[in-house]
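No value in this document is a laboratory result; all are computed from the given coordinates. Please read these numbers as outputs of a predicted model, since none were measured by experiment. Cβ sites come from the backbone with ideal geometry, for glycine too, and all protein chains shown count toward neighbours.
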Amino acid sequence: MLFTVVELERESINFNVELPPAAIDFGGEAEQLGLLAAEGRAEVLHEHRGPKEIVEDIRLKGSFNGTFEVPCARCVEPVEQRLAGDFDLVFRPAGVDATGAEHAISTPETEIGYYENGGIALEDVLREQVLLSLPARTLCQLDCKGLCPRCGLNRNETACSCDVGPSDPRWSALADLSSRIKL
């Protein structure tokens, strides 16, 4: 769903969509299971920068929710995650802030995105919001044993016969550190 400045100049657009799996490519970060629901409102904001310069910003305010599969950080098995979030975003035409010289930006300016070709696609916004809402690290279980670094077997499913091998002698000074620490 594309929101263009021309459309939004006429009237704000309320949206309520359900996107099927594979409608948005989340890369290897997540795989969508079931429908991704999103609802909200798109509108144009006129930013006056003097008597003759008006910048047309697009504001998207809404929410999303859906179920995704993300890989476990240790064993790479898929883990189901329910994600939901709210967003209130402002997008400015690309290049409108370009001055040619470097300058420091203020905190409010870090919250502004940019659009090209007169509009913004809701799918692009949802991709970003879903990826930002993913936990930094997902585990299939708290005591996940992960993959064997030598043979690659999932240690949660089978014990491998790889020998541990000699430890690096540089770590020997720290080997009994935990027994010396008094808590």
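Net charge of the neighbourhood of THR138, taken over other residues with C-beta under 13 Å away and scored Lys/Arg +1, Asp/Glu -1, is -2.
Calculated FRET efficiency, ALA23 to LEU142, Cβ-Cβ distance, R0 = 35 Å: about 0.60 to the nearest 0.05.
Label positions at VAL96 and SER167, each projected 7 Å from the Cα along the C-beta direction, are separated by 6.0 nm. The H on the amide N of PHE15, modeled in the peptide plane, is under 5 Å from the matching H of GLY40, ARG41, ALA42, each at least 5 residues off or on a different chain.
Among the listed values (1) 57, 45, 32; (2) 41, 37, 30; (3) 74, 42, 32, the one computed from these coordinates for Cα extents along the principal axes in Å is (3).
Here the convex hull built on the C-alpha positions of the range 139-181 has a volume of 121 cubic angstrom per residue.
The phi torsions of the range 125-137, fed into the Karplus equation with coefficients 6.51, -1.76 and 1.60 and a -60° offset, translate into couplings of 5, 5, 4, 4, 5, 5, 5, 5, 8, 5, x, 4, 8 Hz, rounded to whole numbers, with Gly and Pro shown as x.
Near the amide H of ALA73, within less than 5 Å, lie the amide hydrogens of THR138, LEU139, CYS140, all on another chain or at least 5 residues away, with H placed in the peptide plane. Considering only beta bridges that DSSP places wholly inside the chain, some 90 percent are antiparallel. Using θ = phi - 60° in the Karplus curve 6.51 cos²θ - 1.76 cosθ + 1.60, the 3J(HN,Hα) couplings for the range 145-158 round to 8, x, 9, 5, x, 8, 9, x, 5, 6, 6, 6, 9, 9 Hz; x is entered for Gly and Pro. Taking the charge dipole of the chain about its Cα centre, with +1 at Lys and Arg Cβ atoms and -1 at Asp and Glu Cβ atoms, the residue from ASN16, GLN141, ASN65 reaching farthest to the positive side is GLN141.
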